[in-house]
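Below is one structure, written out as structure tokens; the observations come after it.
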């Protein structure tokens, strides 16, 4: 990746200089797509690194992820808790699956048939005596047939012009790095339920 990034940057610079109306053409789209794929591969590499333990407030981390997301007016993001939830763990590795789950839930709500009431994404989290957990419930379009295969790299039901099918693979790799596990299932009332659970580190 370290060798490829400068090369792609150089290709982009040359293309801008040599291709008329570069920003409006397919060359710009292709280079942008390549840069997006490289970013996905970078995240997959980051997700596979050994965890670095630090003192964390899980509530603060989740609120920060929620703040950074773009949430449309017809979707309500409900973050259930405001009280601190102190844990020891790797904030970057926990953030990757949580951010992916929230983005997927919001996109699922946007893809569902329109209705009068606002669709909701409800996020809850906490700890037990053994592990920490994050739960994301949505009112979205639900999971596709064969959803058990969504963990495979390169598999997506979204537009391939905008998605690489790497999000859940990155999330699963990050969860594995903190010895955690992810689950994704349809809800009886519609939509989907995501959970991440991982063992608590001790000071």
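The values are calculated or read from the model by the stated rules, or taken from the named source; none is laboratory data. Being a predicted model, the structure only gives us computed values, none of them experimental. Ideal geometry is used to build each Cβ from the backbone, glycine not excepted, and the neighbour counts take in all protein chains shown.
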Just to be sure I understand, how many residues within the range 188-199 are in a loop (DSSP other than H, G, I, E, B) and either at pLDDT 90 or above or at positive phi (or both)? 2
When you scan the range 17-123 for strands (runs of 3 or more DSSP E) that lie fully inside it, which ones turn up with 1 or more residues that are under 30 Å from residue 142 (Cβ atoms)? 75-79
Test result for residue 184, assigned to a strand (DSSP E or B) and either under 12 Å from residue 101 (Cα atoms) or modelled with pLDDT of 70 or more (or both): yes
Taking the conditions exactly as written (within 22 Å of residue 173 (Cα to Cα) and at pLDDT 75 or above), does residue 35 satisfy them or not? no
From the residues in the range 115-127 that are surrounded by fewer than 15 Cβ atoms within 10 Å (Cβ to Cβ) and touching a residue at least 12 places away in the same chain (Cβ under 8 Å), which one is farthest from residue 197 (Cα to Cα)? 118
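To keep it simple, each residue is scored yes or no on (1) at pLDDT 85 or above; (2) exposed (fewer than 12 other Cβ atoms within 10 Å of the Cβ).
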| position | (1), (2) |
| --- | --- |
| 4 | no, yes |
| 13 | no, yes |
| 16 | no, no |
| 41 | no, no |
| 82 | yes, yes |
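Table: residues versus (1) buried (at least 20 other Cβ atoms within 10 Å of the Cβ); (2) in contact with a helix residue (DSSP H, G or I) (Cβ under 9 Å, 6 or more places away or on another chain).
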residue: 49; (1), (2): no, yes
residue: 63; (1), (2): no, no
residue: 95; (1), (2): no, yes
residue: 102; (1), (2): yes, yes
Which members of the range 167-183 meet the condition of being touching a helix residue (DSSP H, G or I) at 6+ places or on another chain (Cβ under 9 Å) and closer than 16 Å to residue 124 by Cβ? 182
